[in-house]
1. Give me the percent of the accessible area of segment 76-220 that comes from carbon and sulfur atoms, probe 1.4 Å, all protein chains in place.
2. Could I have the simple spin-label model distance between D203 and I27, label points 7 Å from Cα toward Cβ, reported in nm to one decimal?
3. Divide by every residue of the chain the summed helix terms, -39500 (n - 2.57) for each DSSP H run of at least 4, and state the resulting mean residue ellipticity at 222 nm, rounded to the nearest 500 deg cm²/dmol.
4. What per residue convex hull volume, in Å³, comes out for segment 61-132 when only alpha-carbon positions are used?
5. In Å and on Cα atoms, what radius of gyration and Dmax does the chain show?
6. Just want the answer: with Cβ charges of +1 for Lys and Arg and -1 for Asp and Glu, which residue in P30, Q64, A211 is farthest toward the dipole's positive end in the chain?
7. Could you size up the charge dipole of the chain around its Cα centre, putting +1 on the beta carbon of Lys and Arg and -1 on that of Asp and Glu, and report it in debye to the nearest 20?
8. Which one of H176, L116, W191 is farthest out on the positive end of the charge dipole of segment 101-220, using unit charges on Cβ (Lys, Arg +1; Asp, Glu -1) and the Cα centre as origin?
Amino acid sequence: MEKCGVVLRNGLEIEYPNLSNEMSEFILDPQVWLDFDEEIAAIFHTHPNGEPFLSTADRISQVQLGLPWVLYTNGERKVFEPVPRLIGRDFKYGEADCYALVKDAYHLAGIELPVLQRGDIDDDAEQERITEELVKVFTRVDDISNAEIGDVVVTALDGKACHMAIYIGGDKFLHHAHNQMSLRERLSEGWLKRIHSIWRHPDWIEECYEALEQDFGDGN
């Protein structure tokens, strides 16, 4: 049975009874909102089965509440910030762009990526700044034919690495291109010709994809 409760603004964690009869979900007692209301800084719960990311039900509830969620699993404490849905984001360089999408997707999967400082979009592209953090925590994969779900695909324009996406299997990737909405797109021949490199994170496991897939929805 999952345990659950709230984290107050002073850092105190208070456990409440789980009102659910299901082993892999929790229902927080409504009394908590009457007891603390605006003092609540986050919701916490446990995953006894060890899943290191929020479930679909968790993600839906978190977006509705707009609060950080703390997850205790496998002896670790993970904090998940409420992030916008991965599909349909408007583009704003430095805030809602290709790296922000990859970082948020990995965050939902329970993996924290470094903050990438951005300046001018053209200068960043010229300096290939997009790969600066990748080389620190990722391992380079030799070819797209060896790509696995969750790998980061970096593409180039005029020979300069300037864009990244997440390979999601088959012939598709998830990305957020300049002045477009974030979406899933087919790896067309045009995109394949622009591939600069493929990168794999050591902490990514197959189950991590579930944390991303729930944001896609039908028809996107």
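1. Values: 3330 of 7420 Å².
It is 45 percent, rounded to a whole number.
2. Label-label distance for D203 and I27, simple model: 3.4 nm.
3. Result for the chain: -5000 deg cm²/dmol, rounded to the nearest 500.
4. Values: hull volume 7.6 nm³, N = 72.
That works out to 106 Å³ per residue.
5. Answer for the chain, Rg first and Dmax second: 19.0, 59 Å.
6. Final value for the positive-end residue is A211.
7. Using only the charged Cβ atoms, the result is roughly 400 debye.
8. Farthest along the dipole direction, towards plus: W191.
The values are calculated or read from the model by the stated rules, or taken from the named source; none is laboratory data. These numbers were taken from a predicted model, which means no experiment stands behind them. Cβ atoms come from the backbone with ideal geometry, glycine included; neighbour counts cover every protein chain shown. Calculation scope for accessible area: heavy atoms of the full protein, side chains included, ligands and nucleic acids excluded. Shrake-Rupley method; radii C 1.70, N 1.55, O 1.52, S 1.80 Å.
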